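The values are calculated or read from the model by the stated rules, or taken from the named source; none is laboratory data. Fair warning: this is a prediction, and the values are worked out from it, not measured in the lab. Heads up, the Cβs are rebuilt from the backbone with ideal geometry, glycines too, and the neighbour counts pull from every protein chain shown.
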Amino acid sequence: MNGQLPTLNEPSPNAMITAEELLEHAAADEAIVGLLEALYIGNQRLLTSMLGMLRADQIVEYLDTVRAIWRVLSAMGRDSQTARLKEAVAGLQFHSIDFLRRQATFVRTGDYQAEDAQAVYEEVYCSESVMREYLDGLLLTYIAWPNHYRLLQFYRNRYLSKEPRGRCLEIGPGHGFLALLQLQADSGNTLLGVDISPHSVAFTDELLTVAGIDRARFEICEGDATNDFAGVTGRFDRIVMAEVIEHVEQPQTLLRSAVKHSHPETLLFLSTVVNIEAIDHLYLYRSLDEVREMVDECGLAIVDELDLPLEFADAPADSFEVALVCRPQPQ
């Protein structure tokens, strides 16, 4: 599309929509109009692919997701709504542009740039300025990047909808939105979150608080989950590790800990990437089969899978985002 907004002559369930049509549907909700204008008018080159994915019959569901994300994101921080909007969109711009730059380098070199976990910890996870942009931007990718939107819908429809309910664990909650959805899915769910970044811990805690979740239902702790889930004890009914296992040097340690802290009916949600670079990616999966084989070798059985390809010119290998719903293998 050469960076131009697509046009729509006759709206239909099978035709792509325009930014103007999207804004027309959202016009009655002033809370999200400003966000949509900032995204689709102010950053149309970044958002063209999202418009290209959406169809007329998906607009209501999409706007519900926009509303849910912006409700919590806009309530965080002490700035005015105008300043908060500018800050959050700047985070998305940072995340998007940094991703494109790093992916272009990866296509050329075939290797990730991050050198080791300690360097990533010091330069990314412990940096307040980096993490604020990182977390704001990452959360907005759920409504700005087509594959992230699809992953979120898969999480809702193919993971949250399934039993059992009860004691939930999330490793690397990051921005906390998946944790929020887990708690909202059932009033009987409680959640323990473990994240290596103190800024992610604070962000998730604030997000759950502004969303009105009873503090008795969640605890967010700082810790290195590669060390047996940072000392977590007991077994859980639900375990989430979304966009985590590519961020450590030995993902097998996390996968085996997940099995250790599961019971036979535990339902797990995992997501990762294949040949996709980011500021804090350490473990390079070079094929979907490599992901599946590692999951199997560590004692997990895949019960549902979503594979989302990404296309890059001159890429040395196929690139994917992948989400897996798993249970422990029978003993």
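Of all residues being surrounded by fewer than 17 Cβ atoms within 10 Å (Cβ to Cβ) and not aliphatic (A, V, I, L, M) in the stretch 35-53, which is modelled with the highest pLDDT? Just the residue, please.
That would be GLU37.
Which one is modelled with the lowest pLDDT, of the residues in the stretch 262-276 that are buried (at least 21 other Cβ atoms within 10 Å of the Cβ) and not aliphatic (A, V, I, L, M)? Spell out the reasoning first.
To start, the set of residues in the stretch 262-276 that are buried (at least 21 other Cβ atoms within 10 Å of the Cβ) comprises 262, 266-276.
Restricting the remaining residues to those that are not aliphatic (A, V, I, L, M) gives 262, 266, 269, 271-272, 275.
Numbers: SER262: 98, THR266: 98, PHE269: 98, SER271: 98, THR272: 98, ASN275: 95.
Step by step, filter the stretch 262-276, then rank; the result is ASN275.
Where in the stretch 68-151 are the helices (runs of 4 or more DSSP H), entirely inside, with at least 2 residues that are within 30 Å of VAL33 (Cα to Cα), β-branched (Val, Ile, Thr) and in contact with a Phe, Trp or Tyr (Cβ under 7 Å, 6 or more places away or on another chain)?
Per the criteria, no element qualifies.
Here are the criteria: (1) within 21 Å of VAL120 (Cβ to Cβ); (2) touching a strand residue (DSSP E or B) at 6+ places or on another chain (Cβ under 9 Å); (3) β-branched (Val, Ile, Thr). Tell me which single one ILE302 does not satisfy.
(1)
Which one of ALA117, ALA179 is under 23 Å from ILE220 (Cβ atoms), surrounded by fewer than 20 Cβ atoms within 10 Å (Cβ to Cβ) and in contact (Cβ under 8 Å) with a residue 40 or more places away in the chain?
After applying the criteria, what remains is ALA117.
Show the residue pairs that are 6+ apart or on different chains and have beta-carbon atoms under 8 Å apart, the first residue being within the stretch 289-311 and under 15 Å from LEU267 (Cα atoms), the second being acidic (Asp, Glu).
Close Cβ pairs satisfying both conditions: ILE302/ASP296.
Among the candidates ALA119, ALA68, ALA90, which residue alone is on the phi < 0 side of the Ramachandran plot, at pLDDT below 95 and out of contact with any Gly (no Cβ under 6 Å at 6 or more places or on another chain)?
Going through ALA119, ALA68, ALA90 in turn, just one is on the phi < 0 side of the Ramachandran plot, at pLDDT below 95 and out of contact with any Gly (no Cβ under 6 Å at 6 or more places or on another chain): ALA90.
Just one of (1) surrounded by 16 or more Cβ atoms within 10 Å (Cβ to Cβ); (2) in contact (Cβ under 8 Å) with a residue 60 or more places away in the chain trips up PRO198, so point out which.
Unmet condition: (1).
Of all residues in the stretch 201-215, count the ones that are over 19 Å from ALA117 (Cβ atoms), of a type outside the set (Phe, Trp, Tyr) and touching a residue at least 12 places away in the same chain (Cβ under 8 Å).
Of the residues in that region, 8 qualify.
Which condition number in (1) crowded, with 17+ Cβ neighbours inside 10 Å; (2) farther than 23 Å from THR82 by Cβ; (3) at pLDDT below 85 is the one that ILE59 fails?
The failed condition is (3).
Among the residues in the stretch 75-97, are any touching a strand residue (DSSP E or B) at 6+ places or on another chain (Cβ under 9 Å), closer than 30 Å to LEU22 by Cα and either without any contact (Cβ under 8 Å) to a residue 60 or more places away in the chain or not assigned by TED's automatic domain parsing to the domain that holds GLY42 (or both)?
Within the stretch 75-97, not a single residue is touching a strand residue (DSSP E or B) at 6+ places or on another chain (Cβ under 9 Å), closer than 30 Å to LEU22 by Cα and either without any contact (Cβ under 8 Å) to a residue 60 or more places away in the chain or not assigned by TED's automatic domain parsing to the domain that holds GLY42 (or both).
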